[in-house]
Structures are given as structure tokens and as C-alpha cells.
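**Student:** Before I ask anything, let me first share the structure, which is written out below as C-alpha cells.
The values are calculated or read from the model by the stated rules, or taken from the named source; none is laboratory data. Computed from a predicted structure; not experimentally measured. Methodologically, a virtual Cβ is constructed for each residue, glycine included, from the backbone with ideal geometry; neighbour enumeration extends over all protein chains shown.
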Amino acid sequence: MTRRVTEVRSRTFRPALPPDALSLIQLGTLRTTYRGRGFFKDPFDVVLYQELIGRLRPATILEVGTKDGGSAVWFADQQAAHGIAARVVTVDVADPPVLDDPRVTCIRGDALALDRVLPDQVLATLARPWLVVEDSAHLFEASLAVLEFFDPRLQRRVRRRGGRDPRRPTATRHRLLESASVSPARSWSSPAQ
Ligand SMILES: C[S@@+](CC[C@H](N)C(=O)[O-])C[C@H]1O[C@@H](n2cnc3c(N)ncnc32)[C@H](O)[C@@H]1O
């Protein structure tokens, strides 16, 4: 299997783009909309996610950090564009947006206590493979809590005889953390704070 993960310690954190360019891209990202909703993805995210969805073909996308729901609707559209029956479950500590999209389920809940809103009986109904997207507070504690919640709930895919379909991953689960690479100090605080 090709190793795709680079350990944080071995990263240089020297981006190819100049900091000014990255700041402008970040500003643009904060103004981006998708189908009339805030959509907080930069151009690199958009390309990487569509590539990831095409390769992993997730049956369910579990997102932590809904905001306006722009990314949840975009994820569902990306699944549909790839011929996947779209299913997105998105959790946010703030009131959920009104989406009126049967493919997307919005749940109010805290990244720090996902067991309260995503009990195992509910998770058991969600088709695999899953793609888990942690895009909530952009704080260490929140990201760690999301990883710790999902890690024991993810399953490894069993390889088929005769080799695997190159479009498919070797595991049923893949996690993606969005990092605040441009402004590491900035976080998305919850309304309670
Ligand atoms: C970066 S925005 C999400 C953007 C959205 N995924 C998109 O790409 O359009 C971060 C969201 O995380 C939510 N948030 C912050 N802290 C949270 C927490 N502890 N648990 C759940 N959601 C949280 C905020 O309310 C905010 O809506």
C-alpha cells in the first residue's frame, strides 16, 4: 500500500506560496458561497475533496462544523456527481441552518461530546465507507476529541480476491482534518464562548 500520510514532525511548514498570497486566498475563502450559502473551502480544499471523494467513494460523509451548510450541500452534490447515493450528517454546536435538503442531516452537538448526539445505534444506520471531516473549532482539543470519538468506530476494508479496485481505498474509513494552515491562531469559537 502506498504510504500517503506524512508525520507532522517531518513536515517543514514552508509553503510554496508566499504568506501574502495565502492570506488573500484565506480572505477569499471566507467570502466564498456555494448555492447561496457560506462555503468555507479554499481552491485547494475543493480540488482535494473532489479527488478524495472520487477515490474513496464514501457512502456517508460525517462533518463536524456545519456553519451555513454550504460544505454539507457541496459534499452531497459531490457524492451525486460521482454516482454515489448522497448522505451527509453534519454536526455543529450552533443552531443548524435550514437546508431543506433530504440528503443532509443537521445535528446540534459539541465536537467535544459527540457521543451525546451520535450514539452507536444511530451510527450503525449510516452506510460505509465513511469520510469524517473535522472542521469545527480548529482547536487542538476539538480535533483530538473528534479523532478519539471516531477512531474506534472506523472499520478497515477487507481486500477482495484478485486485487483491489484502484478507485477504491484499502480502508472503509478515512479521516480528514482541516487545519488552519494560514492563520493557526484563529479558531472558530462556539456561540457559548
Ligand atoms: C469553519 S466553520 C465550518 C465551515 C463549514 N464546514 C464549511 O466549510 O462551509 C466552523 C463551525 O464550527 C462550529 N463549531 C465551533 N466549535 C464547535 C464545537 N466545539 N463543536 C461543534 N461545532 C463547533 C462553529 O459554530 C462553526 O459553525
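**Student:** Every residue in region 104-122 that is surrounded by 16 or more Cβ atoms within 10 Å (Cβ to Cβ) and more than 16 Å from the ligand (Cβ to nearest atom), please.
**Tutor:** Those that are surrounded by 16 or more Cβ atoms within 10 Å (Cβ to Cβ) and more than 16 Å from the ligand (Cβ to nearest atom): none in region 104-122.
**Student:** Given the structure, is residue 91 near the ligand (Cβ under 8 Å from one of its atoms) and outside any helix (DSSP H, G or I)?
**Tutor:** Answer is yes for this residue.
**Student:** Condition first: part of a strand (DSSP E or B) and within 14 Å of the ligand (Cβ to nearest atom). Can you find one or more residues in region 9-31 that meet it?
**Tutor:** Within region 9-31, none of the residues are part of a strand (DSSP E or B) and within 14 Å of the ligand (Cβ to nearest atom).
**Student:** A further question on this structure: Test each condition in (1) within 15 Å of the ligand (Cβ to nearest atom); (2) over 13 Å from the mean Cα position of the chain (by Cα) for residue 73 and report the one that comes out false.
**Tutor:** So the condition that residue 73 fails would be (2).
**Student:** Anything in region 94-105 that is in a loop (DSSP other than H, G, I, E, B) and β-branched (Val, Ile, Thr)? List them, or say none.
**Tutor:** The one that is in a loop (DSSP other than H, G, I, E, B) and β-branched (Val, Ile, Thr): 98.
**Student:** Turning to a different aspect of this structure: Do any residues in region 96-120 that are hydrophobic (A, V, I, L, M, F, W, C) have Cβ atoms under 6 Å from those of residues that are part of a loop (DSSP other than H, G, I, E, B), where the two are at least six apart or on different chains, and which pairs are they?
**Tutor:** Cβ pairs passing all conditions: 99/69; 106/66; 106/96; 107/117; 111/136; 117/109.
**Student:** List the pairs whose first member sits in region 31-50 and is in contact (Cβ under 8 Å) with a residue 24 or more places away in the chain and on the phi > 0 side of the Ramachandran plot, whose second member is surrounded by 14 or more Cβ atoms within 10 Å (Cβ to Cβ) and of a type outside the set (Phe, Trp, Tyr), and whose Cβ atoms are under 7 Å apart, counting only residues at least 6 apart or on separate chains?
**Tutor:** Note: pairs meeting the criteria are 35/73.
**Student:** Give the number of residues within region 75-88 that are part of a loop (DSSP other than H, G, I, E, B) and either touching a residue at least 24 places away in the same chain (Cβ under 8 Å) or touching an Asp or Glu at 6+ places or on another chain (Cβ under 6 Å) (or both).
**Tutor:** 4
**Student:** Another one. For residues in region 130-150 being without any contact (Cβ under 8 Å) to a residue 60 or more places away in the chain and touching a Lys or Arg at 6+ places or on another chain (Cβ under 8 Å), which is surrounded by the most Cβ atoms within 10 Å (Cβ to Cβ)?
**Tutor:** 138
**Student:** Something else: Restricting attention to region 78-88, and to residues there that are crowded, with 16+ Cβ neighbours inside 10 Å and closer than 15 Å to residue 34 by Cβ, which single residue is nearest to the ligand (Cβ to nearest atom)?
**Tutor:** Here the answer is 88.
**Student:** So which residues in region 69-102 are charged (D, E, K, R) and under 21 Å from residue 143 (Cβ atoms), if there are any at all?
**Tutor:** 92
**Student:** Quick check, is residue 99 within 13 Å of the ligand (Cβ to nearest atom), surrounded by fewer than 17 Cβ atoms within 10 Å (Cβ to Cβ) and of a type in the set (A, V, I, L, M)?
**Tutor:** no
**Student:** Another question, then. Scan 26, 50 and give me the residue that is over 23 Å from residue 157 (Cα atoms) and modelled with pLDDT of 95 or more.
**Tutor:** 26
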